[in-house]
Amino acid sequence: MKKPLRLFPEAMKNLTKKAATSKYPFEKAKTYPGFRARIVFESEKCIGCKMCMRVCPAGAIEIVLSAEQPAPQTAADGSQIPQKKKFDCIMNLDRCIYCAQCVDICPKKALASSPDFELAQFDRKKLKLHYT
Amino acid sequence: MSKMQIPLGPQHPALKEPENFMLVLDGEQIVDATVNLGYNHRGIEKAAENRNYIQDIYLIERVCGICSHSHVSCYIGAVEEIAKVEVPAIAKALRTIVAELERIHSHLLWLGVAAFELGYDTLFMYTWRDREQVLDCLELLSGNRVHYGMNTIGGVRRDITKEQVDEISKKIKYLKERTSYYVNVVTEEPTFLARTQNVGKLPKDVALELNAVGPTARASGVDIDVRRDEPYFIYDQLDWKVITYHTCDVFGRAVVRVLETIESYKMIEQILKAIPEGPISVKVPWKIPAGEAVFRYEAPRGEDIHYVKSNGTEYPERVKVRAPTLSNFQSLPYCLKQGYLADAVITIAAIDPCMSCTDRAVVYDINKGERKTFDQEELRKYSIEFYKKKGISFK
Ligand code: SF4
Ligand code: SF4
């Protein structure tokens, strides 16, 4: 059964309404909790198991030994106590697909998703982040 | 008048993805049509063999942006079948919710695109505005809008909270109201009817013969739906019905899609009322025992099939994807023939094509004029040589 102008009342109703689109970038874009964007790294927690490298589908993450290692502490009896090794994380944002599988697999919760998504750069080299 | 051949695509204002349709015209009438694939081939199946099962989840998820959950669920379903994993009830429920939300978002997207192709931009604007609500539901549940990353082998990655249930229920209620209105628009608005009725005819026997799937087949009266015929997740516990229609044209495909959306709301409401408790996933070893499995899944565009073969290592030996569009392309030339050039775009859009899922490649020697077939070993050797020449190391 044909009924002409089916959308007309709807269009009229919306004439006085505010635009449905958001004003990004002039307004902050809304993200929900659990949003996956740039991955952040805490060196103190990392034990260098490299599980994150093994599951990363894009080969975006790399865990390397830090150039500077903490000096061993001297115990009261004079023996040396080795300290936990320190690791750096090299994150290639140009390869990362923000799946956060590395965050899920990390046994020490050294990695986490941050809501920081405005990552575009003109220079590709700037997309290589070195977290220490 | 002499016949004229015109190409539609691979770059064409009406097609958003690169694919070529060769139309032979007699005046304004299409007398012959061929579909040419191959502009968008990404070699995902090959890439899947070089990644482990966990890495493949995210690779397969990116086969398609609109049905990312469909492809990954299908792949994971096959892997879980080989590994003989029993997925917890709550994971199945959550997978079903995401699957149906995805269907809603895909069908509303389609309705907008179809309206746009018809030059009916008012409808396009309103459907896409409302589609934001379902994208918000998906974002709320999974964190992201497009690639939800909900699935993992053995379950899901995120639980659902009480607040999320309330918020999604609220949005579903709004969407249900809106979609009921769109059902009226689609079935009553003369502009829409004039452009879709008796366009792109596909009779039932032809649809069956040419292996049409999903809404394209159901609009020709073919009563198929994997969710009912071979239930996965928790579809067998829900109260819903398969929508079919009898007009065999673009109008029928639109009606099937909007009515299916209403069924999806019904399903989501049922699941949200009684979400099971318990752990959201079970642990699955890295190495999957040797074996093979085929998984069938009803994606928004039709039946999606994944075949996975494992050899006991942590890398799959073969992953094969048969996206629904490949199946629907077989009947497309039939639909186009005898139609008018002005209707070609909406006829193509009516099967809701997804080119990137579908693309295939063949090797064709122009000088010799022959096709070459590779077996697996030859292809492997060829690919290693290919990458070596480019200076890329190959595992
Ligand atoms: S998985 Fe976690 S602990 Fe292991 S190397 Fe990566 S960041 Fe470090
Ligand atoms: S988010 Fe995904 S792609 Fe990015 S580093 Fe982690 S695992 Fe790799």
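The values are calculated or read from the model by the stated rules, or taken from the named source; none is laboratory data. Please read all numbers here as calculations on a predicted model, not as lab measurements. Note that we place each Cβ from the backbone using ideal geometry, even for glycine, and neighbour counts take in every protein chain shown. Just the protein is used for accessible areas: all its heavy atoms, side chains included, with ligands, DNA and RNA removed. Shrake-Rupley method; radii C 1.70, N 1.55, O 1.52, S 1.80 Å.
Scanning region B:344-367 for residues that are in contact (Cβ under 8 Å) with a residue 12 or more places away in the chain, open to solvent by 20 Å² or more (accessible area, probe 1.4 Å) and not hydrophobic (A, V, I, L, M, F, W, C) gives B:Pro353, B:Ser356, B:Arg360. Of B:Leu341, B:Leu332, all but one fail to be in contact (Cβ under 8 Å) with a residue 60 or more places away in the chain and either outside the structural domain of B:Leu109 (by TED's automatic domain parsing) or surrounded by fewer than 17 Cβ atoms within 10 Å (Cβ to Cβ) (or both); the exception is B:Leu341.
I need the full set of residues from region A:116-127 which are without any contact (Cβ under 8 Å) to a residue 60 or more places away in the chain and either within 11 Å of ligand 2 (Cβ to nearest atom) or hydrophobic (A, V, I, L, M, F, W, C) (or both), in order please. Correct list: A:Ala120, A:Phe122, A:Leu127. Residues in region B:50-95 that are outside any loop (DSSP other than H, G, I, E, B), polar (S, T, N, Q) and open to solvent by 10 Å² or more (accessible area, probe 1.4 Å): B:Gln55 alone. Taking the criterion of being surrounded by 24 or more Cβ atoms within 10 Å (Cβ to Cβ), away from chain A (no Cβ under 13 Å) and among the β-branched types (Val, Ile, Thr), the residues of region B:102-148 that qualify are B:Ile104, B:Val134. Restricting region B:340-395 to residues that are on the phi < 0 side of the Ramachandran plot and of a type in the set (Asp, Glu) leaves a set whose member that is modelled with the highest pLDDT is B:Asp343. A single entry from B:Arg158, B:Arg145, B:Arg129 fulfils the requirement of being assigned to a loop (DSSP other than H, G, I, E, B) and without any contact (Cβ under 8 Å) to a residue 12 or more places away in the chain: B:Arg145.
Yes/no matrix, rows are residues, columns are (1) of a type outside the set (A, V, I, L, M, F, W, C); (2) under 13 Å from the mean Cα position of the chain (by Cα); (3) within 16 Å of ligand 2 (Cβ to nearest atom); (4) more than 21 Å from B:Arg145 (Cα to Cα):
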position	(1), (2), (3), (4)
A:Arg6	yes, no, no, yes
A:Arg36	yes, yes, yes, no
A:Thr74	yes, no, no, yes
A:Cys89	no, yes, yes, yes
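Criterion applied to B:Glu378, B:Glu370 was being surrounded by fewer than 11 Cβ atoms within 10 Å (Cβ to Cβ), free of Cβ contacts under 8 Å to residues at least 24 places away in the same chain and not small (Gly, Ala, Ser), and the one residue passing it is B:Glu370. The lone criterion from (1) within 16 Å of ligand 1 (Cβ to nearest atom); (2) modelled with pLDDT under 90 left unmet by A:Met53 is number (2). Of the residues A:Ser66, A:Ser22, A:Ser43, the single one that is more than 10 Å from ligand 1 (Cβ to nearest atom) and within 30 Å of A:Gln83 (Cβ to Cβ) is A:Ser66. Of all the listed residues (A:Ser66, A:Ser79, A:Ser113, A:Ser43), the sole one being more than 27 Å from B:Ile57 (Cβ to Cβ) and either within 11 Å of ligand 2 (Cβ to nearest atom) or free of Cβ contacts under 8 Å to residues at least 12 places away in the same chain (or both) is A:Ser79.
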